[in-house]
Structure formats: structure tokens, C-alpha cells
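S.K.: Below is the structure I would like to discuss, written out as C-alpha cells.
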Amino acid sequence: MGDILTKIGNIYGEFEGETAKTPCRLVPDGPLTGNGDVGVVASAKKEELSFYISKNDFWYAVPGREGGGVKAFAFLQMRMADDPSDIRFNAKQRILHAEIEYEIAFKNSGGAEQLLFVRTYVLKQENTVVTEITCKKGDPRLRIDLVPVTDMSADFSHTVRGDVISVSKSYTDSKALWHTYGYAESRIMGKESNMFRLFAGESIRIVTSIATSHDTSDYESAVHKAVSRDFDALLPSLWNEHTELWDSFWRCAWVDLPALPEIERFWYASHYIMACCSGEGKFAPGIFGNWITAEFPEWGGDYHLNYNYEAPWWGVYSSNRISLAEPYDRPLLECIPAMQKNARSYLNCAGLYSVVGIGPKGLELSISYYRDGTRSIGTGFWGQKSNAAYAAVNMAMRFYSTYDKEYALSCAYPYMREVALFWEDYLRFEDGRYVICNDCVNENIYAGIGIYDWATPDARDTSNDFNPIISLALIRLVMKTLIDICEYTETHDDHLEKWAHILAHISEFPTQMRDGERVFRLTESGEDWNLNNSLIVQHIYPCGAVGLSSDTELLEMSRRTVRQADRWGFDFNSFPTYYTAAARVGYDADTILVNLEKQIRENSYNNFFIFYGGGGIECCSTVPNCINEMLFQSHEGILRFFPVWKPELDAGFENLRAYGAFLATAEQKDGRIRSITVFSEKGRDCTIQCPWNSGMTVTCGGETVECAVTEEKGQKLYTFATGVGMEYHISEE
């Protein structure tokens, strides 16, 4: 493979004409950029080019569905004056260094041709948006403005002072549980006002900075200081730092799929979208990332815990981009008191019982109120007891991928322990097994109708789901992870024996006969099958309850379920889980790849968003996650190289992350696996399924490493001890 940066430099989205869905309440279709906190998306309309600027922490903290959620802030608008005609917009979204480029051709009122080139990016290291406008032909008259996105619940102001335009916007009314203040300034460098003529060969730069009260109490001064700097002198060093950060991001891991160029493009572009909207130490992005362009984004743009919030990060763990997941845990930890209160108040249980939609700082959004202002019990939970447990999936993935002791003790263990305490109380032990009553596998359609208490044991029939398959899998995951964390960190917990008992005696996954075949069932009694989502395979992925080491019949039943579910096509909720579940159980590689490429072709925007309607950034995980699972699996503690890959397709990867805190590099060429390297971060024992019939040899520093050889399903497993920071080379014997 050539230089990775050259490869990335050749990946860009192309746009022609006006943007049809920017602004909108869902995923925008315009070219986009961002730095993990601030997001920018372009909108081309008539004689205007606008850059919508939003931020992950710009929230209106109102519980329920009364207009609360993450909010749009403002847009930087460039308006072509002088009655332009025949306007043509052409744009590129370059993912290497996160740039948007626009070429705008038009005629002025006198019929003279005008040509502008516009380049915009957000500095990776700070919340500054740089916009450069160059006149290639003509002498167009331009008007620049920074316009607040109006919102009836917000206080805002808009000021133009010569070459500086400012917008302030805040949510401080009595409904808000906490207040948010935001401020942005745009400085038009080299001009004295916001309306001017630009001549052929002339360039200007607009510098926009944004901050909120969640960044600093002195947010206005911080913004003013940022735009008042001597940018002409500073920009070369700022740009160098920006490009170095992006270059480092791209080099941390890669895949090479020469026969599948479009899938490969989306593997990288999906990580680009996540890097633009999620970053270390920042507020977590909501459903639509940090590209909020309308007053009321759907679902408040919240954190939906019954998979939507969790899904965007599933691809970053195996792709060795752990830092993108840093913001994930914070809102969950902040919501622990509210979840504990729900468990005590509504179910008389310890631990965590969560509504479906939450926000930052303990905010609960998917709840409603009776007319007298008291809280409704039912509408926020949608009949589901599993939301808090679902949120633990990502914590388990991160723990097993890193074996980071500090993370385990400070985050994964305390949160998951509370989840386990809930299930200790809520589960019933009957006839030698643990069972789950009144737990809806799907969102219950009656939850929003009237006054209804989901804690009532004799709830209406639609809520009587018994032993839902996803909850059974989540309980297994939580209990196993807690036991493993305690063993790894040498933590004594009085509940360990109980967790082990639950793990050993939790009910089996429900099954059924369907079309003459035994497949999984959504519940043991209650809903049996649903073709509106992929819940029927989510115990496989993301819960990890089935894999290539599983019992042969269980594995075959999983494949039959994948085939019968047939969720390859357009689906509101299946895309982030179904494809990866199919890969995880070794489903036919041709079927997976053909359908994956079809979905990319038919359901993607030019900005690389794959969008189905049920969520936004959740679909960013699918291509990386599915491909990673096909190339390399490790979730069962066994490293498997190219386990679901076609031998005739050349492929390679570097530094994919494995459970056990290993980084793996491998290449398959001309039908054979040519090279394998494993780097050990934590010095744990490593087990590899031998990819060659003749056997394999492990060396480190030129010395042969002793291996213990066992067998599983006719395959040889080689286990060897590793040292911290040591690299191991695996070759055919």
C-alpha cells in the first residue's frame, strides 16, 4: 500500500447545484467539516452561500418534548449582490484536512461573468472557523453576515460593527434546568465593513470564533480575543498544527481494499464524520452530530439510549480511534442520580432505570408531563427496562479493547455495577432460571397514550413481553464484564457471587420455528418477529453473545435468522447492527459486500452520510465495523485473521485493535495470508486461530516464541505469552 495520506487526499465528496436538505431537521446533505466540537455545514441557495455553525454543548435544558435539546446557533452568510443570475455552485468536501471548497460562477446585473473560490475549515485545535474568499474573475459586490438561527425560546442579539459581526444566543428561561450562553464573532480581515466589492485576484479571510458558557465563564472575552489576533502572522503555524493533527488521526490505523474502492472510501469517510463531531473532553454529539441547522431537530437531537446513542462509536474501537469515544461516557455518569431515582420511584429497585432519551448534565428528554405539571411515568421509558444496560455496551467494548485499568475503575465498573444492581432486583428466579417480565423488546406504541404506569404488573398485553432477547443478552454482557473487571483490577465486590449466579442461570435465548426453520424469537412470550428493525440479531451484535466459537447449532441458527430477517435494504433502524451481526457469525461474504455497496450507492449523500431516517451519525459505524469484523475478529478472545473474507479479494490492514489490547496488522494477497504482526499494549496472553493449514510460528526480536496449541472446531489455536510494548511476527510454518 502507498502512503496513507495520499490515499486520503484522493477521497472527497463532490457537490453540484443547490443543497436540497440543508437546512433541515434531520441529517444535512451539504458539505461538512468540524473539529469534534464545532461543526460547519454549507448551504447553497439562490444568491447565497451559508455556513451553518453549531456546537455540541449548545443545549436548551428543558425536560420532555417542550422544545428542549441540542440547538442550532448561527450561520455565516455570503450573499452575492447586484442581482446575480445563472448561478452555478460546485463544491468539494476534502476529508484529509477537513476542508470545504466552493467554486461559484454567476453573472452580475450587467451580464459580466463572475467567479469566486471559497475555502472553509474549522481548526482542529481550537473553535475557530476560517473562511477564505478569492475572486477569480470579475468584481462582485458581496455582503457578509453572521445570522442567528431564530428560536422562540432563546434570547439573542445580532450586531454589526464595521468589519466585526457578533451573535449572542442563550437559553435561560425558568423551564431550563441549567442555562446555556453562546457567543460568536466574525471578523472580515482587510475590509472596513461587511459589504464590499472584491476584485479579480483579490482574497479576503473571515475568522469566526464561537464559545459557550460550558467552555468558560468568560466566553465572550475568549471569542473576542481569538478573532482579534494577528491571523495573517499566526495562520501558517495554526494550519501546520491543524494538518499534523489530522495526519496523525489518519495514520493511527488503515485498511486497504483495492477491489472495493467505494467501500474503502466510506470506511475512511465514516471515521471523518465521527472525527468532525466527536472529540476528547467535549460534550457528546447527539443524533445528528454537531450539524444542527433548524430550530427544532427531530427528537431534540438527543441521546437515544435504545441503540441510537451507542451506535456511532462502535466502529472507533476496532479502528483504533479510542479518543473519539472520550465524550461518550460523560452524560451517562451525569444521569446516574436520575436513573437511580427512576428505579426507586417506579419499580422499587436499586440501580439504574433510564428513560429512552437523555441529554447532558442529568437531563431527561423523552418524558412528558400531565397538565398539572406532575411527571408522567410511562411515556419516557416506552416500556423498556434495557436502556441503561444498552448504554453499557460501549463501556464493555472499550474495556476489552484497551484493558485500561483507570478507565475500568473510574467509569465502566461504577456505571455497570449500578446496572447490575437493577437487574438483581428486577429479575425473577423461577424454576432454576432468571426471567424478565414486562420488558418491551420494541418501543411500546401505547406508551404515549394517556396516563399509564409501566410498573403495573398486569399491564396491557402489548407490554407483557417476557424474556426479550436483547435484555437477556445485555444482562449476560454486563455480568461477564463486571466479573472480568473485578478479576483484572483485583477488586473485591460482595456481589460477585450473585453476578456469577445470574450469568450461569439467565434464561436461554428464545427461539421459534419459522418457515420450517428454527430461528431466534424476539421474546419468549409476547412479540415474536418484527421487520422494522434488527432487534432479532442485536444479541449477536453489539452484545457479542454469539460468535464463531459458539455451539455449531447456535451459530447456524444465527445465520438462518440473518437470512430470514433480510434487513439488507432500506430500513429505519437496522443498518448499524444488521451488517456487523452478519459478519460476526460468518455469513456469506458476497452477500454482505454486495448489499453494503448497494446501500452506499443508493442511500448516501455526497457528504458521505448514509441516512435512513431513524438517526444520523449512528450509520457512521456500519461500514468500518462490518469491514473490520470481516477482516479481523477478536471479541471471543481469539484473534481471527480474514475470517469472513473472500480469498480472491486482496486486502490488508494496519493497527486494527483487538480485544486484549492488541494492535494487529495483516495482508492477504493472491489468495494467501502473507504477513501478520501483533503488538501487545498490556502484555496479556494472546490466542490466534492459525490461518494456515501447515501451522504457524511466532517470533519476537528474532527469537521464536513458545506456543501452546489447542484445537477448536477443527482449527488450531496458538496461545503465547506477550510482554508490554512488544511486537510479535506470525508466519506460516
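Laboratory data are not the source of any read-out in this text; all were calculated from the coordinates shown. Keep in mind that what you see is a predicted model, and the values were worked out from it rather than measured. Methodologically, a virtual Cβ is constructed for each residue, glycine included, from the backbone with ideal geometry; neighbour enumeration extends over all protein chains shown.
S.K.: I need the calculated FRET efficiency for the pair ASP551 and ARG672, taking r as the beta carbon distance and R₀ as 51 Å, to the nearest 0.05.
M.R.: Efficiency at R0 = 51 Å is approximately 0.95.
S.K.: Let me ask you something else. For region 651-732, what mean projected area does the convex hull of the alpha carbons give, in nm²?
M.R.: 5.4 nm²
S.K.: Which is the longest stretch in the chain that no exposed loop site breaks, taking sites as trypsin sites (Lys or Arg not before Pro) with a DSSP loop state and at most 13 other Cβ atoms within 10 Å?
M.R.: 47-370
S.K.: Another question, if that's okay. Which shape class applies to region 530-631: rounded if a/c is under 1.5, otherwise prolate when a/b exceeds b/c and oblate if not, where a ≥ b ≥ c are the square roots of the Cα gyration tensor eigenvalues?
M.R.: prolate
S.K.: Another one. Compute the length gained on full extension between ARG518 and LEU5: take 0.36 nm times their separation in residues and subtract their Cα-Cα distance, giving the result in nm to one decimal.
M.R.: 179.9 nm
S.K.: When the distances between all Cα atoms of region 38-186 are binned every 5 Å from zero, what whole-number percent does each bin get?
M.R.: Pairs per bin, as whole percents: 2, 9, 17, 18, 16, 14, 11, 7, 4, 2, 1, 0.
S.K.: How much space per residue, in cubic angstrom, does the convex hull of the C-alpha atoms of region 582-733 take up?
M.R.: Hull volume normalised by residue count: 133 Å³.
S.K.: Given labels modelled 7 Å from the Cα in the Cβ direction, how far is it in nm from ARG433 to ALA721?
M.R.: Simple spin-label model gives 4.2 nm for this pair.
S.K.: Karplus couplings for region 403-419 from phi (6.51 cos²θ - 1.76 cosθ + 1.60, θ = phi - 60°), rounded to Hz, Gly and Pro as x?
M.R.: With coefficients 6.51, -1.76 and 1.60, one gets 6, 7, 5, 5, 4, 4, 7, 8, 10, 4, 5, x, 6, 5, 4, 5, 4 Hz.
S.K.: Dipole of region 651-732, Cα-centred, from +1 at each Lys and Arg C-beta and -1 at each Asp and Glu C-beta, to the nearest 20 debye?
M.R.: 200 debye
S.K.: Stretch THR243-THR699 to full length: gain in nm at 0.36 nm per residue minus the Cα-Cα span?
M.R.: 160.5 nm
S.K.: Another question, then. Evaluate 2.2 N^0.38 Å with N set to the residue count of the chain, then give the Cα radius of gyration divided by it.
M.R.: In units of the globular-protein estimate, the chain measures up at 0.99.
S.K.: Which far-off residues, 5 or more places away or on another chain, put their amide H under 5 Å from the one on ASP404, with H placed in the peptide plane?
M.R.: Correct list: empty.
S.K.: Beyond a 29 Å Cα-Cα separation, which of these cross-linked pairs lie in this structure: LYS92/LYS598; LYS45/LYS137; LYS55/LYS385; LYS385/LYS598?
M.R.: Pairs exceeding 29 Å: LYS55/LYS385; LYS385/LYS598.
S.K.: Give me the number: length gained by fully extending LEU234 to ARG161, i.e. 0.36 nm times residue separation minus the C-alpha to C-alpha distance, one decimal in nm.
M.R.: 23.9 nm
S.K.: If you don't mind, another one. Based on alpha-carbon centroids, what's the gap between region 133-212 and region 603-647 in Å, whole number please?
M.R.: Each part's Cα centre sits 39 Å from the other's.
S.K.: Between 0 and 90 degrees, rounded to the nearest ten: what's the tilt of helix 336-347 against the longest Cα principal axis of the chain?
M.R.: For helix 336-347, the angle is close to 50 degrees.
S.K.: Taking the 0 to 90 degree range and rounding to the nearest ten, how far is the long axis of helix 496-505 tilted relative to the main principal axis of the chain, both from C-alpha atoms?
M.R.: Computed tilt is about 80 degrees.
S.K.: While we're on this one: How much mean residue ellipticity at 222 nm does the chain get from its helices, if each DSSP H run of length 4 or more adds -39500 (n - 2.57) and you divide by all residues, to the nearest 500 deg cm²/dmol?
M.R.: -8000 deg cm²/dmol
S.K.: Moving on. My understanding is that a pair violates if its Cα-Cα distance is over 20 Å; which of LYS669/LYS716; LYS46/LYS107; LYS405/LYS682 do that in this structure?
M.R.: Too far apart for the 20 Å limit: LYS669/LYS716.
S.K.: If you don't mind, there's one more thing I want to ask. State the percent of C-alpha pairs, over all pairs in region 2-89, separated by a distance greater than 16 angstrom.
M.R.: Tail of the P(r) past 16 Å holds 65 percent of the pairs.
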